[in-house]
Amino acid sequence: MKWEYNQFEYGGSMNIGNELLIDIKHLLGNRWSVKREDLDTYSRQIRRAAGNISKLRQSGKGPDGSKVLFPHLPYLLKEEVLISKEEREALLRLREEAKGYDAVISIGIGGSYLGDQVLFDLFCSPYWNQLTKDERNGYPQFYFAGQNMDPVSLVDLSSCISCEAGHIQGRRMQVLFLVISKSGTTIEPVTAVRGLKKLLADVCDIHLMAITDKEKGRIRPVAEKEHFPCFTVPDGIGGRFSIFSQVGLVFASLAGIDIESFLKGAQMVEEACQSENMKENPALLLAALKYIATKKYGITAEVIMPYGDKLRSFGWWYAQLLGESLGKKYDMQGNVVYNGRIPVASVGTTDMHSLTQEHQQGQKNKLIQFISVEHLPSDLSVLCDEKGVSGMVPMSRMLDAARRANEEALANEGRMSCHISISELTPFHIGALMYFFFLTIAYEGAMENVNAFDQPGVEDYKKILHEDLRKYIVKNQKEEN
Ligand code: PA5
């Protein structure tokens, strides 16, 4: 990793292995952004956070003493901490076994869904399911369900599967339900499985595979009884940190995505971001800058703005990571702090025609985090007319010029942004990017003195929802009797 102290005085950029570039020139050192002195003012919190995450790496324990094992994820295929030998072998067989299915319906929500949608969007394509099986190199179609409590989506999906089944001659369509739920009790995926079984039982052959908690939950006993494969969401890996676990790797393997490279990208970042000195640790420094921007400069929202359609769902994934990790009522001593920044997922250039007006002239309470890919996997030169001249311009150049223009216009208005660029759009680079954000969030949670690894706030509405449904069932049963 290259890092120049002089750049540090004025902003500049950091570079991990020439693959991930973190540009902080609009976040550090400007009149309107975080100052060099601020890093000294908050050095105690930054040092404490660095120390806490080093301890977490060694002990595997989070701030409340519960297991937090995400730093082991990059080594998942090399160690037996998060996966057994048998399960690893089963995982590695999936790339071939996947070809035996016509379609996979991935059923999960939150951390059991968002990352897999990112992998699908990036490494398959919006038109994947329209390709023939041969054109997909034998891999199945992919659908997502259980990420909403929406009957319309389930009915539409079953109509689509029925049509597909109708196109297959001389045999029944083979559909795998990949049920992903750590708890096994989340109402959306449970309902989706029940609903889809009801809708599709006569249409196709349904196969089941699950990814769930090792001990607790409802799914594992059913898997044991009905003999379907069951992978583990390892202990100490929360939903939003699960993309490098079996949750992401099983899905990726079924789609033929290179999981070894994906993990290697994460490993590169884990190894480049261990120092407790922020001059040698880009994740620690970026976390510190965002922390100070929030604490001192009135930043209450963070806009994640990747450029390019394929990265749209990346914003949703990051929004969960930021929102659930830092959005906390209490600090570690139980004081009410109402911590966090509002995550806003957006995409360029699309949202420059909707949200940018607000980013540019609305409340000065947000920091924009741009994401881009230096070398896109494909490109197209088209004619461009500009003030009396016209010429061919690669669209990749236009996309990047639009991002730079957005960044510059924001800076001219004294608004903070940062830019993270990966050199290519490969599993390696996406692994590096996702893991980099794991670390920034872990460090920032430690600076804020909150638990970045739990999500107690989501329990409150669940109690109300389940009570409402219970009352409905009781009332109905009474009326029937
Ligand atoms: O990050 C989290 O923990 C949540 O988003 C969960 O992933 C989500 O609620 C789904 O939970 P489960 O995997 O238990 O069905």
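The values are calculated or read from the model by the stated rules, or taken from the named source; none is laboratory data. A quick note: this is a predicted structure, and the numbers were derived from the prediction, not measured. So basically every Cβ, Gly included, is an ideal-geometry build from the backbone, and we count neighbours across all protein chains shown. What goes into the accessible areas is simple: the full protein's heavy atoms, side chains included, and nothing from ligands, DNA or RNA. Shrake-Rupley method; radii C 1.70, N 1.55, O 1.52, S 1.80 Å.
One line per residue, one yes/no per condition, for (1) hydroxyl-bearing (Ser, Thr, Tyr); (2) crowded, with 21+ Cβ neighbours inside 10 Å; (3) more than 22 Å from PRO74 (Cβ to Cβ):
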| residue | (1), (2), (3) |
| --- | --- |
| PHE251 | no, yes, no |
| ASP258 | no, no, no |
| GLN267 | no, no, no |
| ALA287 | no, yes, no |
| GLU358 | no, no, yes |
**Asked** Taking VAL81, is it of a type in the set (Val, Ile, Thr) and more than 30 Å from GLY166 (Cα to Cα)?
**Response** yes
**Asked** Can ARG36 be described as touching a Leu at 6+ places or on another chain (Cβ under 9 Å), of a type in the set (Lys, Arg) and surrounded by fewer than 16 Cβ atoms within 10 Å (Cβ to Cβ)?
**Response** yes
**Message:** Checking the structure you have, find out if any residue of the range 240-260 is in contact with a Pro (Cβ under 7 Å, 6 or more places away or on another chain), within 15 Å of the ligand (Cβ to nearest atom) and modelled with pLDDT of 95 or more.
**Reply:** yes
**Candidate set from the range 106-139 (those that are among the β-branched types (Val, Ile, Thr) and within 16 Å of the ligand (Cβ to nearest atom)); member that is nearest to the chain's Cα centre (by Cα)** = VAL118
**Request:** Restricting attention to the range 431-463, report how many residues are aliphatic (A, V, I, L, M), in a helix (DSSP H, G or I) and within 16 Å of the ligand (Cβ to nearest atom).
**Result:** 4
**Complete:** ILE304 fails exactly one of (1) crowded, with 20+ Cβ neighbours inside 10 Å; (2) β-branched (Val, Ile, Thr); (3) over 18 Å from the mean Cα position of the chain (by Cα), namely (3)
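Quick grid of which residues meet (1) under 16 Å from LEU21 (Cα atoms); (2) out of contact with any His (no Cβ under 9 Å at 6 or more places or on another chain):
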{"position": "MET398", "(1), (2)": "no, yes"}
{"position": "ARG403", "(1), (2)": "yes, no"}
{"position": "GLU407", "(1), (2)": "yes, no"}
{"position": "LEU410", "(1), (2)": "no, no"}
{"position": "SER417", "(1), (2)": "yes, no"}
{"position": "ILE420", "(1), (2)": "yes, yes"}
**Fill in**
All-but-one check, VAL382 against (1) open to solvent by less than 90 Å² (accessible area, probe 1.4 Å); (2) touching a residue at least 24 places away in the same chain (Cβ under 8 Å), failing number (2)
**Request:** Taking the residues in the range 261-286 that are assigned to a helix (DSSP H, G or I) and farther than 29 Å from PHE120 by Cβ as candidates, determine which candidate is modelled with the lowest pLDDT.
**Result:** LYS279
**Message:** If I filter the range 175-192 for residues that are away from the ligand (no atom under 15 Å from the Cβ), modelled with pLDDT under 95 and farther than 17 Å from MET149 by Cα, do I get at least one hit?
**Reply:** no
**Item:** Output for the range 213-249, where each listed residue is touching a residue at least 40 places away in the same chain (Cβ under 8 Å), open to solvent by 10 Å² or more (accessible area, probe 1.4 Å) and either in a helix (DSSP H, G or I) or in contact with a His (Cβ under 6 Å, 6 or more places away or on another chain) (or both)
**Value:** ILE219, GLY239
**Item:** Test result for GLN58, closer than 16 Å to GLY248 by Cα and either within 16 Å of the ligand (Cβ to nearest atom) or within 25 Å of the chain's Cα centre (by Cα) (or both)
**Value:** no
**Fill in**
Over the range 124-145, the set of residues of a type in the set (A, V, I, L, M, F, W, C) and either farther than 15 Å from ILE168 by Cα or touching a strand residue (DSSP E or B) at 6+ places or on another chain (Cβ under 8 Å) (or both) is CYS124, TRP128, PHE142, PHE144, ALA145
